[in-house]
Amino acid sequence: MWSFRIVVLLCTVCVTSGITFEYRIRCPDTAEKWQENSESYICDGDSVYHCMQNREGRYVVFCASSIWIQPDYCPEFNSRASAIDVILCPGDPERCPETVYLSNAVYQSIRIG
């Protein structure tokens, strides 16, 4: 008897206010994976690769200027405004960073997944 497993990866590309963002299954969780993903996602000017969740909990990748995030806060992508919002970290306090960090370095500060 043959057994087949089919994996379907759905990725929707959206453009609002001139900013392109894509939904992903998850964000990279190591420096190596982050670097690999950022090299395949080309950003212009001062924009850099970002990957984070939006309000609905979906993972989103996009290019934007980095912003500083304060301790106990997390960046969240606002899909309607195509901007990074800063929110008090929800859920498990162990996942929240205790130091200031840049929004494009979220993989270093927050346990993703």
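Key figures for this structure:
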read-out	value
Pick from the range 13-24, criterion surrounded by 10 or more Cβ atoms within 10 Å (Cβ to Cβ) and among the β-branched types (V, I, T), ranking: modelled with the lowest pLDDT	T16
Cβ-Cβ under 8 Å pairs, at least 6 apart or on other chains, the range 98-113 side more than 10 Å from M52 (Cβ to Cβ) and modelled with pLDDT under 85, far side surrounded by fewer than 14 Cβ atoms within 10 Å (Cβ to Cβ) and of a type in the set (V, I, T)	S109/T99
Selection count where residues are in a loop (DSSP other than H, G, I, E, B) and surrounded by 11 or more Cβ atoms within 10 Å (Cβ to Cβ), scope the range 27-69	12
Residue under evaluation Y49, criteria (1) within 12 Å of the chain's Cα centre (by Cα); (2) at positive phi; (3) in contact (Cβ under 8 Å) with a residue 40 or more places away in the chain, criterion not met	(2)
Verdict on C96 being open to solvent by less than 90 Å² (accessible area, probe 1.4 Å) and closer than 21 Å to I25 by Cα	no
Matching residues, the range 70-82, being open to solvent by less than 40 Å² (accessible area, probe 1.4 Å) and touching a residue at least 40 places away in the same chain (Cβ under 8 Å)	F77, S79, S82
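Residue by residue, here is whether (1) closer than 18 Å to I19 by Cβ; (2) touching a helix residue (DSSP H, G or I) at 6+ places or on another chain (Cβ under 7 Å); (3) hydroxyl-bearing (S, T, Y) holds:
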position	(1), (2), (3)
K33	no, no, no
D44	yes, no, no
V48	yes, yes, no
C63	yes, no, no
C74	no, no, no
I84	yes, yes, no
P97	no, yes, no
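The values are calculated or read from the model by the stated rules, or taken from the named source; none is laboratory data. Owing to the predicted nature of the structure, the values given are computational and were not obtained by experimental measurement. Every residue, glycine as well, gets a Cβ built from its backbone with ideal geometry; the counts of neighbours run over all protein chains shown. These area figures cover heavy atoms from the full protein model, side chains too; ligands, DNA and RNA do not enter into them. Shrake-Rupley method; radii C 1.70, N 1.55, O 1.52, S 1.80 Å.
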